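Worksheet: one structure, shown below.
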Amino acid sequence: MSTEFDRRRRWLSAPRFPIISERPEGAVLSHPMFFNRQALHLRPDPARVIVRPFKPATEPRDFNAVDKTRANHIVERVLGLESAEVAQQLADVLENFAGRHRNLLELFGARATEMEAAFDPHAVFTGAQRQLVGAYFLHEYAFEASALFNPSIVRHPDQTGMRDGRCRFILSLRAVGEGHISSLTFRTGSLDVDGKVTVDPTARLASVPKVTNRTARPDGDDVEVVFGPEDDLSERVIFPITDSQMNGIEDARFVEFEDNGRRRYYATYTAYSGRAIRSELIETSDFRTFRMTPLRGAAAGNKGMGLFPRKIDDRFAMIGRQDNENLYLMFSDDLYTWEGGHAFLRPAFPWEFVQIGNCGSPIELDEGWLLLTHGVGPVRKYSIGAVLLDTNDPSKVLARSREPLVRPDPSERAGYVPNVVYTCGGMRHGDRIILPYAISDTFSNFATIKIAALLEAMES
């Protein structure tokens, strides 16, 4: 007869599919003749967990001068167990968490080593003691328990087997868990020639990368991280590492960047320390190794920077907002320093009177740069619009949508943040724009937009 533990282990070992709703609702379309919403909702899954460091307080307790630290009490208690008891406790932990994480014993041992600086001198651990001690200083974290939103999309670097107008893609998403801490997670999928979106099953496990290099700089740390070769892309979770990111890696705007035939993926994101924000850059060529670097300059102290997919006049170009109201065009010689810029787009229509911002990197069309924008209107309602910019001089606005492409639906406002539709970037696929977007800062959806019809609807 199957035990409850056996049933749970079989469930945990099965491939996990995206939590999908087939109800195509959540937004009102201003232009239904060219905006086709897919019946595909990606919802947060509280069953997906990673292990994170857990550190009991290490300060002396005021009411007991001889009480050194809680951490050392744990060490003393483990060392006080007989070897058979240590083995039994470790076996119980492994049985309880079987199928939920990869290489648990290795994780336990590594965590005990990390904690040594907090421990007083103690007897040398046996292997089992070290692993059991490490288990006491880790905890599970449901990284997308609250929300899975603000997606961006790029072509997958591996298009093997994609024929007849089909395309494989990578979707980045902002995941929010306990304590409103944001991390970066991924999905893969494919596009048919007609723009139909398919999202691949989600791996049953989730993992954080190893930090392989960390360089301290006056303006913040440069960090390089790498995931194991066995980690599926949907397993990979980039959780805050540096002090500037401690309360969140938010709203990554990925773009496929080409320079002299070399392709690389960049994303600007907002690092939130819990007290302050700033823009940082993440870069990768394979979505396995990532480098995170703080951006410098006056413009980097703001949110929502979107990098152009190639240089303009041999300089890097960026769209961003510096005054909480208007959009600015900025240039840089080195990719990491962003100063000045000038406002070239201001709120013009009632749905964006509060402020406007970019919704990802500009998308290059034959007719110019298509910039998806968000506008904030009455009762802080977020909608998505579009602007067409001149190819050679992006400060020149060629056309603009008078009405939003998509806006919140009054019938479905419940969510983490009501009255919001938002995206961190779309992608061109044939004669369409593929647009992943979030609803109420809670879950994500997809739509396709016919480029010709969109341009025709925009006003000069």
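The values are calculated or read from the model by the stated rules, or taken from the named source; none is laboratory data. Note that the structure is a prediction, hence the values are computed from the model and not measured. We place every Cβ from the backbone using ideal geometry, glycine too, and count neighbours over all the protein chains shown.
When GLY274 is tested against the conditions (1) assigned to a loop (DSSP other than H, G, I, E, B); (2) in contact with a Leu (Cβ under 8 Å, 6 or more places away or on another chain), the lone failure is (2).
Of the residues ARG155, ARG168, ARG174, the single one that is of a type in the set (Lys, Arg) and surrounded by 22 or more Cβ atoms within 10 Å (Cβ to Cβ) is ARG174. At least 2 residues being surrounded by fewer than 15 Cβ atoms within 10 Å (Cβ to Cβ) and outside the structural domain of ILE449 (by TED's automatic domain parsing) is the threshold, and among the strands (runs of 3 or more DSSP E) wholly inside segment 364-431 not one reaches it. State all residues of segment 133-151 that are over 26 Å from ALA87 (Cα atoms) and not in a loop (DSSP other than H, G, I, E, B); if no residue qualifies, say none. Matches in segment 133-151: ALA147, LEU148, PHE149, ASN150, PRO151.
Residue-wise test of (1) modelled with pLDDT of 95 or more; (2) in the same structural domain as ALA175 (by TED's automatic domain parsing); (3) under 21 Å from PRO436 (Cβ atoms).
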residue	(1), (2), (3)
GLN245	yes, yes, no
PHE254	yes, yes, yes
PHE257	yes, yes, yes
ARG262	no, yes, no
ARG275	no, yes, no
GLU280	yes, yes, no
THR293	yes, yes, no
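Residue count for segment 298-324, restricted to those that are touching a strand residue (DSSP E or B) at 6+ places or on another chain (Cβ under 7 Å), at pLDDT 95 or above and either at positive phi or assigned to a loop (DSSP other than H, G, I, E, B) (or both): 5. Of all residues in segment 183-227, those satisfying the criterion of being out of contact with any strand residue (DSSP E or B) (no Cβ under 7 Å at 6 or more places or on another chain) and either over 28 Å from GLY165 (Cα atoms) or among the hydroxyl-bearing types (Ser, Thr, Tyr) (or both) are LEU205, ALA216, ARG217, PRO218. Do we find that PHE119 is surrounded by 13 or more Cβ atoms within 10 Å (Cβ to Cβ), within 30 Å of ALA84 (Cα to Cα), at pLDDT below 95 and not aliphatic (A, V, I, L, M) in this structure? Answer is yes for this residue. GLY189 falls short on exactly one of the conditions (1) closer than 19 Å to THR423 by Cα; (2) crowded, with 18+ Cβ neighbours inside 10 Å; (3) of a type outside the set (A, V, I, L, M); (4) touching a residue at least 40 places away in the same chain (Cβ under 8 Å), and that condition is (4). Against the definition (more than 26 Å from the chain's Cα centre (by Cα) and modelled with pLDDT of 95 or more), how does ALA128 come out, yes or no? Criteria met by ALA128.
Give the number of residues within segment 202-229 that are within 18 Å of PHE143 (Cβ to Cβ) and either surrounded by 15 or more Cβ atoms within 10 Å (Cβ to Cβ) or of a type in the set (A, V, I, L, M) (or both). Looking only at that region, the number is 11.
Please specify each residue of segment 338-353 satisfying the condition of being in contact (Cβ under 8 Å) with a residue 24 or more places away in the chain and surrounded by fewer than 16 Cβ atoms within 10 Å (Cβ to Cβ). Working first, answer last.
Going through segment 338-353, the residues in contact (Cβ under 8 Å) with a residue 24 or more places away in the chain turn out to be 338-342, 344-345, 347-353.
Of everything in segment 338-353, those that are in contact (Cβ under 8 Å) with a residue 24 or more places away in the chain and surrounded by fewer than 16 Cβ atoms within 10 Å (Cβ to Cβ) turn out to be GLU339, GLY340, HIS342, ALA348, PRO350, PHE353.
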